[in-house]
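What follows is a short report on a single structure.
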Amino acid sequence: MHATKSAPKGTAKSSSRVDDRRIQRTHQTLRDALIGLILEKGWDAISVLDLCDRANVGRSTFYTHFADKEDLLISGFADLRKGLRAMCRNAPGAVEPGQPLLFLRGLIEHVSDNQRLCRALVGKRSGLVVQNQFRKLLLDLLKDDLADVAPAGQRLDAAKHFLAGALFEMLNWWLEQPRGPEGPAQLEALFLQLALPVLATLRKAR
């Protein structure tokens, strides 16, 4: 038997990085296709074949990465949640430890910078599946942020759903407005002002 040549140092890592970038490009291409098709046709009318044709990706490649179109949608929300949490951890400036709703500015700025994407997530063509996944994202973010505000229970659960619904509707309203003086900072301040009574009620229940 011939001796097997060992791979040069760094080859495995380099190959892994190339594979990671290829996977990321495939995921992004499919997500872009999904957003475009939601805006054009609506969620319910989209098939996996539509996604593959738009992204110029083979069906076997699609199913290597995702089980179905909802799996593709969920992966995008998971990445957004990670990005918002990382933004909170690395935010410049001093904030009070345990301060709730730290994700809010990052989320609003993301919506402002990606209006086409966000109209696909909350607009009329998004459909219940997409809107429910967006609400779930908001609920997950609020669950993390409000954990130190009040003990777990029905009161906290009700507050999370109340705030998630209010934030969903406010973002939808904001996207439909002609751009005026209400930028991300102003919208954040307005939502926090409206949310203060809810947060105060939770703190009293501790």
Filter the stretch 97-139 down to the residues that are crowded, with 17+ Cβ neighbours inside 10 Å, closer than 19 Å to A33 by Cα and small (G, A, S) and list them by number.
A120, G123, S126
Test: G93 is surrounded by fewer than 12 Cβ atoms within 10 Å (Cβ to Cβ), at pLDDT below 90, within 27 Å of L194 (Cα to Cα) and in contact with an Asp or Glu (Cβ under 7 Å, 6 or more places away or on another chain):
no
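Here's the yes/no breakdown for (1) modelled with pLDDT under 95; (2) surrounded by 13 or more Cβ atoms within 10 Å (Cβ to Cβ):
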| residue | (1), (2) |
| --- | --- |
| S47 | no, no |
| L51 | no, yes |
| R54 | no, yes |
| F77 | yes, yes |
| M87 | yes, yes |
In the stretch 191-206, which residues are at pLDDT 90 or above, touching a helix residue (DSSP H, G or I) at 6+ places or on another chain (Cβ under 8 Å) and not aliphatic (A, V, I, L, M)?
F191
Taking the condition at pLDDT below 85 and either in a helix (DSSP H, G or I) or touching a helix residue (DSSP H, G or I) at 6+ places or on another chain (Cβ under 9 Å) (or both), does C118 pass?
no
Determine whether P178 is exposed (fewer than 13 other Cβ atoms within 10 Å of the Cβ) and of a type outside the set (F, W, Y).
yes
Where the second residue is part of a helix (DSSP H, G or I) and modelled with pLDDT under 80 and the first is closer than 20 Å to N132 by Cβ and lies in the stretch 94-119, which pairs have Cβ atoms under 8 Å and are six or more apart or on separate chains?
F103/M87; F103/C88
Quick check on the stretch 132-153: of everything there that is of a type outside the set (A, V, I, L, M) and modelled with pLDDT of 90 or more, which residue is nearest to the chain's Cα centre (by Cα)?
F134
Residues to consider are A159, A166, A150, A185; find the one that is crowded, with 16+ Cβ neighbours inside 10 Å, in contact with a helix residue (DSSP H, G or I) (Cβ under 9 Å, 6 or more places away or on another chain), part of a helix (DSSP H, G or I) and of a type in the set (G, A, S).
A159
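The values are calculated or read from the model by the stated rules, or taken from the named source; none is laboratory data. Here the structure is a predicted model, which is why all the values come from computation and not from measurement. Using ideal geometry, Cβ is built from the backbone for each residue, glycine included, and neighbour counts are taken over all protein chains shown.
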